Amino acid sequence: MTHTCEKITFLFVLSTAIIVAVAQPIEVYFSQFVDTSLHIGIPPDGWNVRLDSLLAEYINTAEYSVDFCIYNVDTTAARFLFPAIRNARSRGVKFRMVFDPEMDYLEFINLLDSLGIHYIYRSLYGGDMHIKMFLIDARDSDTTNDVVIISSSNLTSSNLLRDANNTVVIQCPSLAGELLKQFAIYWGDTGDVPDTANADFSGEYPDTIEHIIYGPDAMIEVYFSPQKDYNEDRIYEILSSANYEMYFAINIFYYSARNFLTIMQNFFYNGGDLRGVFGGLHARQRYSVYLGMLGLADEDTLNWEIHPPVVVDSLPTGGDLHSKYLIGDAHHPDSDPFVLTGSMNWSDRGLHNNNECVLIIHNYEVAQKFLAEFATRYVEGGGDTLASIPELPAHNEKIVKIFPNPAFDLINIYPPVAAKIYDLSGREIGEFSPPIDVRNLPCGIYFIRTGEDLHKIFIAK
């Protein structure tokens, strides 16, 4: 399956690169206060922002369709959502909604029934419909108005008013199109009416979507739980690519997500700056990684002696940390900064039982926006400020530079030197002189060797 987007080459360079900063249409919002004085960088697009209010704004602008996947809704969200839904229906906007069986807010269901809005409950497969995904105008022929909203927040009073959550809003038609295909799997059909007999929430659903999406200025990866082995391996591959910093804020991190822990152990013991914030409700349970990181559990332990993990026992609002994100190399734009986020907690249930959505956004600006919120929650939980993080070392003029990032069709090397390219298995593709034409190379991860330096490269169409 291919996209009509132009071929783009992204460079994930392990040494030094030239970076061209370009504004891009990914907005980042947080439900609680963000202290931007703790991080001198690019701030988020908003904080103290409720998902129901944000969602209502987009429903009010919808011209054709709104598609929901949500775990739970309660009366708190009614103030913003009910008027927006009624007004949109009066304009002829089509709605489709997928709920978890636990969603029992009768007043909301009555509203949908009265407006002729179709909905479906997740079949009892053994997990939850835990996705928080909203697609605005993804079903019409006009791609200029497509909006994707992915959040860690449910539409409930605790998540909206008290808990710390994160939300991304992305205007990328290719991403909206792929998520629409996944929605059709849950819906059992591509039309307005669900086909409950064909609706599939199990791990056996056909994996028909493109997982790597090339937006105008960022590469976005999307994976759904129950994770298939090769998708799960790709998530681990990206996590393992962090070179300098790995900061995370997570509600649930259990030992059953063994590979997440192993990757973090390797990163920490190799000198990486690893810091984490846990939600208080789950952190002190015996199967939480938090206890292991303090050396207090029977499982393999990390025992963070430099930057111990912190727990947000209670926010000033009285809520819990409910976010799910990890930031890689946010201070190093030459090292593929990325953010892993979505609805998935890090547990066996999150990976293999629930319906979850995982986004990996490769973009320096987005990583910076998340870093501001992480710094706030980290200090709030008792951690030190991030001012102690070392800056990128001064560039040595002798360091070989690979650019641009992103690159279009050609890879440049400065100073000009011959380079060998290897595929992911280590097979040598050949030796080339710059500029290197990569238009005939298949999509995938490659390595470029220039003398003693090894550079990690992603080539894609």
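Values quoted throughout were computed directly from the atomic coordinates according to the rules given, and no laboratory measurement underlies them. Please read all numbers here as calculations on a predicted model, not as lab measurements. So basically every Cβ, Gly included, is an ideal-geometry build from the backbone, and we count neighbours across all protein chains shown.
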- Starting from the exponent 0.38 and prefactor 2.2 Å, build the expected Rg for the stretch 45-149 from its residue count and divide its actual Cα Rg by it. 1.05
- Task: Rounding to the nearest 20 debye, state how big the charge dipole of the stretch 409-460 is about its Cα centre with +1 on each Lys and Arg Cβ and -1 on each Asp and Glu Cβ.
- Result: 100
- Query: Farthest toward the dipole's positive end in the chain, which of Ile117, Ala88, Tyr223, given Cβ charges of +1 (Lys, Arg) and -1 (Asp, Glu) about the Cα centre?
  - Reply: Ala88
- Message: Restricted to Cα positions, what overall size does the stretch 206-352 have along the principal axes? Three whole-Å values, descending.
- Response: 42, 34, 34
- Item | the stretch 124-266 - charge dipole about Cα centre, Lys and Arg +1 at Cβ, Asp and Glu -1, debye rounded to 20 | 560
- Query: Can you give the translational diffusion coefficient of the chain in µm²/s, computed by Stokes-Einstein from the Kirkwood radius over Cα pairs at 37 °C and 0.692 mPa s?
  - Reply: 143
- How long is the gain from Asp423 to Asn87 if the chain were fully straight, where each residue apart is worth 0.36 nm and the alpha carbon distance is subtracted? 115.6 nm
- Message: With the cut-off at 29 Å, tell me which of the pairs Lys132/Lys228; Lys228/Lys324; Lys181/Lys420; Lys132/Lys369; Lys369/Lys456; Lys324/Lys420 have Cα atoms farther apart than that.
- Response: Lys181/Lys420; Lys324/Lys420
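Output the peptides 275-287, 439-451 sorted from most to least packed, where packing is the average of other Cβ atoms within 10 Å over each peptide's residues.
Put in order of decreasing packing, that is 275-287, 439-451.
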- Message: With the cut-off at 1.5 for a/c, could you classify the stretch 189-252 from its C-alpha gyration tensor as rounded, prolate or oblate?
- Response: prolate
- Note on the structure: Over all viewing directions the Cα convex hull of the stretch 23-214 casts an average projected area in nm² of 11.6
- Mind ranking 45-53, 262-270, 175-183 by how tightly packed they are, going by the mean number of other C-beta atoms within 10 angstrom, highest first? 175-183, 45-53, 262-270
- With each pseudo-label sitting 7 Å past Cα toward Cβ, what's the Arg79-Thr36 distance in nm, one decimal? 2.5
- Item | Selection from Val34, Phe201, Ile185 lying farthest towards where the dipole of the stretch 23-214 points positive, charges on Cβ | Val34
- Query: Where both partners of a DSSP beta bridge lie in the chain, what percent of those bridges are antiparallel, to the nearest 5?
  - Reply: 70
- Take the eigenvalues of the Cα gyration tensor for the stretch 409-460, scale each by 5, and report the square roots as semi-axes in whole Å, largest first. 16, 13, 9
